[in-house]
Amino acid sequence: MDIVQRNMFLLLRSGAFQTTEDLEPMSAYKWGRLYQLAVMHTIVPYVYEGINRCRGQFFLHLTAKQEEEWKQALRENQAQAEQQSDEMEEDELLRPDRLTNPLLNHRLQDILDDEHSDIPTRRLVLILIRIVRHLFNEGMPIRQLTELGIFLRKNQDRIDYVTLGKWIEQLHLTQMIQLISEFLIKMFGFTEDDIPFLQKRREKPIEQIAQELIEFTDTRSQNWYFSQQDGGIFVHNSNSSATFSHVRRSARYFRYYPSESVTNFFASFLHSLSHIEE
């Protein structure tokens with residue numbers, strides 16, 4: 001990772017997990033780049049909290065304009081969060097999520113509907129599934145990983161890890177859990193003891209995957225829909241680079257979750273075809 005990404009994670013860890021971090025020196029331009037990354041990955045509240053915790057550090061330099069940009073982004077984030085909170089009912093805490101593989105999705109829905117299991121363990125499964133889906137369809141799930149870390153810090157003693165282990169095997173998530181755990185350890189400062197559901201660590205090189213930090217929203221799945229010109233018979237792709245990015249992600253994570261990787265790609269492809277006029 002470059003210095004902008006390193007400082008972003010320093011601030012993210014400081015803000016989300018109240019760690020003590022030492023910033024590296026950056027120019028005003030690079031601080032602007034850090035702001036763009038925080039907005040892109042929807043982690044403004046956590047990073048800005050980190051900025052506030054590092055106010056006394058020599059290398060923290062924001063211009064007046066940059067300071068106002070952060071505050072404006074924070075206000076917009078808070079307004080959006082309040083709107084979502086007003087619209088969400090209590091039972092939506094376990095609102096259905098899905099996998100594209102029919103067999104695995106059936107097992108997932110059975111897990112989420114199991115009223116005999118405790119809610120924190122089911123919520124943890126849901127968080128893990130959302131990280132997987134974000135990896136396949138959007139790229140680096142920084143906000144989702146942050147929320148996973150916060151959830152583990154607050155609920156570690158309330159989770160049934162025996163049941164969780166069985167569910168991980170039923171959903172064929174073992175390799176994905178290895179990858180997610182490696183993200184938490186290398187990028188968020190967690191230890192193996194902080195991740196009780198990690199059965200046995202096999203250190204994985206994640207540097208190449210982490211470089212998805214620099215991919216902007218034009219490579220996301222919703223931007224590679226197929227469309228048809230008015231009155232025309234030819235179909236064209238809305239964003240070829242987004243298509244290739246999606247293909248690369250599917251191939252990259254195939255070894256971690258082959259049963260979901262293939263069906264997820266074809267489900268996204270078929271969904272993109274729905275934008276063609278009949």
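The values are calculated or read from the model by the stated rules, or taken from the named source; none is laboratory data. Because the structure is a prediction, the values reported are computed rather than measured. Here the Cβ is made from the backbone with ideal geometry for all residues, glycine too, and neighbour counts use every protein chain on show. Each accessible area value is taken on the protein alone, full model and side chains, heavy atoms only, with ligands, DNA and RNA left out. Shrake-Rupley method; radii C 1.70, N 1.55, O 1.52, S 1.80 Å.
On a per residue basis, the range 1-146 carries 51 Å² of accessible surface, using protein heavy atoms and a 1.4 Å probe. With a ≥ b ≥ c taken as the square roots of the eigenvalues of the C-alpha gyration tensor of the range 1-138, please select rounded if a/c is under 1.5 and otherwise prolate if a/b is larger than b/c or oblate if it is not? The shape class here is prolate.
From the Cα gyration tensor of the range 101-195, with a ≥ b ≥ c the square roots of its eigenvalues, which class applies: rounded if a/c is under 1.5, or else prolate if a/b is larger than b/c, or else oblate? In terms of gyration-tensor shape, oblate.
Shown for the range 31-179: the carbon plus sulfur share of the solvent-accessible area, taken with all protein chains present and a 1.4 angstrom probe, equals 48%.
Give the shape of the range 15-54 as rounded, prolate or oblate, defined through the alpha-carbon gyration tensor: a ≥ b ≥ c are the square roots of its eigenvalues, a/c under 1.5 means rounded, and otherwise the shape is prolate if a/b is larger than b/c and oblate if not. Cα axes put the range 15-54 in the oblate bin.
Here the extension length gained between A64 and D157 equals 29.1 nm, from 0.36 nm per residue of separation less the Cα-Cα distance. Were the residues from K30 through K71 laid out at 0.36 nm apart, the gain over their Cα-Cα distance would be 13.0 nm. Assuming R0 = 25 Å, can you tell me the calculated FRET efficiency for the pair K186 and Q57, based on Cβ-Cβ distance, to the nearest 0.05? Computed FRET efficiency for K186 and Q57: 0.60. A simple packing score, the average count of other Cβ atoms within 10 Å per residue, orders the peptides 186-194, 171-179 as 171-179, 186-194, with the highest score first. Among the chymotrypsin sites (Phe, Trp or Tyr not before Pro) within the range 1-77, those in coil by DSSP and having at most 11 neighbouring Cβ atoms inside 10 Å are F58, F59.
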